[in-house]
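Asks: Could you have a look at this structure, given as structure tokens, before my questions?
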Amino acid sequence: MSRDILLMIQGQMKEFSKGKKRIGQFILDNYDKAAFMTAAKLGETVNISESTVVRFAADLGYDGYPAMQKALQEIIRSKLTSVQRIEVSNDRLGDQDILATVVQSDIEKMRLSLEGIDRGEFSRVVDAIVGAKKIYIIGVRSAAALSDFLAFYFNLIVDHVSQVKTTLASEMFEQLLRVGPGDVVIGISFPRYSTRTVRAMEFARDQGATVVAVTDSELSPLYATASLHLLAKSDMASFVDSLVAPLSVLNALIVAVGRKRAAEVTETFSRLESIWDEYQVYEKVEYPENNK
């Protein structure tokens, strides 16, 4: 269910019972906090039974409260300001062990990403990249780190990679000026989504290029723009974008493309090893022989 849950609640408020109206109003006023409350906690907060909260979710068309909660979390993540993100994360973390909580959250996002990625779609993305005339990679703000990682390794595999890297939207179009059929454009963005990335992907699509979205859900504005998709769950740890799962998915993409271009990869690294040795790029470590 991809509709905005806040709009759904607003549209049905007149039909709700008195108790359910209190639930709906609380969510509308405090959606950033309600998204991370259990059914019991939400009921306690508005002085309503947990079973009423569960029925409220069913009235909205969800299979259960967890499904409604997930939809609310997905929808609100792109709406939160940085200050709200800090407030929400402080509520979630409380007095817990921050290291354990954040790492466990990352592990869970990786598990969900692995379960959710369509293997056929992943293979189609790999084949499109391998057969591309030119590959463009777009990622700004925190996604720039993912763009750098992907571009670094793709440049070792093929010689027709262009990283669209700029702070101005107009400059992005200048770098994409010659994009067209046969090219692949990979756009990377997570909440809060970059409008610059979306517009650049729309332009590439309109020019006939194959557009790949690397994002977190079907609700992402990148999703509708792309013909191929790699979905990886992200999370917010305070004001920090946690992109562990997306990085892992991109790592798998690099490995898969590298296996398809195994001969080129071997030749590249054989030549690099010779260059590194000749110009003493890496210091050789001498290990003493074992005394017998």
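The values are calculated or read from the model by the stated rules, or taken from the named source; none is laboratory data. Because the structure is a prediction, the values reported are computed rather than measured. Every residue, glycine among them, receives a Cβ derived from its backbone with ideal geometry; neighbour counts consider all protein chains shown. The protein model used for the area step is the full one, side chains on, heavy atoms only, and it has no ligands, DNA or RNA in it. Shrake-Rupley method; radii C 1.70, N 1.55, O 1.52, S 1.80 Å.
Asks: Out of curiosity, is Gly187 on the phi > 0 side of the Ramachandran plot and either at pLDDT 95 or above or touching a strand residue (DSSP E or B) at 6+ places or on another chain (Cβ under 8 Å) (or both)?
Replies: Working: on the phi > 0 side of the Ramachandran plot: no; either at pLDDT 95 or above or touching a strand residue (DSSP E or B) at 6+ places or on another chain (Cβ under 8 Å) (or both): yes.
In short, no.
Asks: If you don't mind, another one. So if I check each of Asp183, Asp241, which one is among the acidic types (Asp, Glu) and open to solvent by 30 Å² or more (accessible area, probe 1.4 Å)?
Replies: Testing whether each residue is among the acidic types (Asp, Glu) and open to solvent by 30 Å² or more (accessible area, probe 1.4 Å) leaves just Asp241.
Asks: So which of Tyr193, Tyr223 is closer than 27 Å to Gln104 by Cβ and open to solvent by less than 80 Å² (accessible area, probe 1.4 Å)?
Replies: Tyr193
Asks: When only residues in segment 74-97 that are buried (at least 18 other Cβ atoms within 10 Å of the Cβ) and under 21 Å from Thr215 (Cα atoms) count, which is modelled with the lowest pLDDT?
Replies: Arg85
Asks: With (1) farther than 30 Å from Thr101 by Cβ; (2) touching a helix residue (DSSP H, G or I) at 6+ places or on another chain (Cβ under 7 Å) as the list, and Val214 as the residue in question, which single condition is left unmet?
Replies: For Val214, the failing item is (1).
Asks: If Met68 passes every condition in (1) open to solvent by less than 60 Å² (accessible area, probe 1.4 Å); (2) more than 24 Å from the chain's Cα centre (by Cα) but one, which one does it miss?
Replies: Among (1) open to solvent by less than 60 Å² (accessible area, probe 1.4 Å); (2) more than 24 Å from the chain's Cα centre (by Cα), Met68 violates only (2).
Asks: Do the conditions hold for Ala100, that is, is it in a helix (DSSP H, G or I), among the small types (Gly, Ala, Ser) and surrounded by fewer than 17 Cβ atoms within 10 Å (Cβ to Cβ)?
Replies: Values: in a helix (DSSP H, G or I): yes; among the small types (Gly, Ala, Ser): yes; surrounded by fewer than 17 Cβ atoms within 10 Å (Cβ to Cβ): yes.
Criteria met by Ala100.
Asks: Now, a different point. Among the residues of segment 173-202, what is the count of those that are under 30 Å from Gln73 (Cα atoms) and free of Cβ contacts under 8 Å to residues at least 40 places away in the same chain?
Replies: Of the residues in that region, 4 qualify.
Asks: Here is a follow-up. Please go through segment 142-172 and pick out each residue that is touching a residue at least 40 places away in the same chain (Cβ under 8 Å) and closer than 24 Å to Ser227 by Cβ.
Replies: Answer for segment 142-172, where residues must be touching a residue at least 40 places away in the same chain (Cβ under 8 Å) and closer than 24 Å to Ser227 by Cβ: Ala143, Leu146, Ser147, Phe149, Leu150, Tyr153, Phe154, Ile157, Val158.
Asks: Hey, among Arg199, Arg192, Arg141, which residue is among the basic types (Lys, Arg) and outside any loop (DSSP other than H, G, I, E, B)?
Replies: Only one candidate qualifies: Arg199.
Asks: Among residues belonging to segment 249-266 that are open to solvent by 50 Å² or more (accessible area, probe 1.4 Å) and closer than 20 Å to Arg111 by Cβ, point out the one that is farthest from the chain's Cα centre (by Cα).
Replies: Here the residue is Val255.
Asks: Please specify each residue of segment 2-40 satisfying the condition of being assigned to a helix (DSSP H, G or I), within 19 Å of Glu74 (Cβ to Cβ) and without any contact (Cβ under 8 Å) to a residue 12 or more places away in the chain.
Replies: Leu7, Gly11
Asks: From (1) small (Gly, Ala, Ser); (2) assigned to a strand (DSSP E or B); (3) on the phi > 0 side of the Ramachandran plot, pick out the condition that doesn't hold for Gly182.
Replies: (2)
Asks: A further question on this structure: Kindly provide the set of residues from segment 103-125 that are of a type in the set (A, V, I, L, M, F, W, C) and buried (at least 19 other Cβ atoms within 10 Å of the Cβ), ordered by number. Show your work before the answer.
Replies: First, the residues of segment 103-125 that are of a type in the set (A, V, I, L, M, F, W, C): 103, 107, 110, 112, 114, 117, 122, 125.
Once the filter is applied, which keeps residues that are of a type in the set (A, V, I, L, M, F, W, C) and buried (at least 19 other Cβ atoms within 10 Å of the Cβ), segment 103-125 yields only Val125.
One line per residue, one yes/no per condition, for (1) modelled with pLDDT of 90 or more; (2) aromatic (Phe, Trp, Tyr); (3) farther than 29 Å from Leu112 by Cα:
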{"site": "Thr197", "(1), (2), (3)": "yes, no, no"}
{"site": "Ser217", "(1), (2), (3)": "no, no, no"}
{"site": "Leu222", "(1), (2), (3)": "yes, no, no"}
{"site": "Phe239", "(1), (2), (3)": "no, yes, no"}
{"site": "Ala263", "(1), (2), (3)": "no, no, yes"}
{"site": "Ile275", "(1), (2), (3)": "yes, no, yes"}
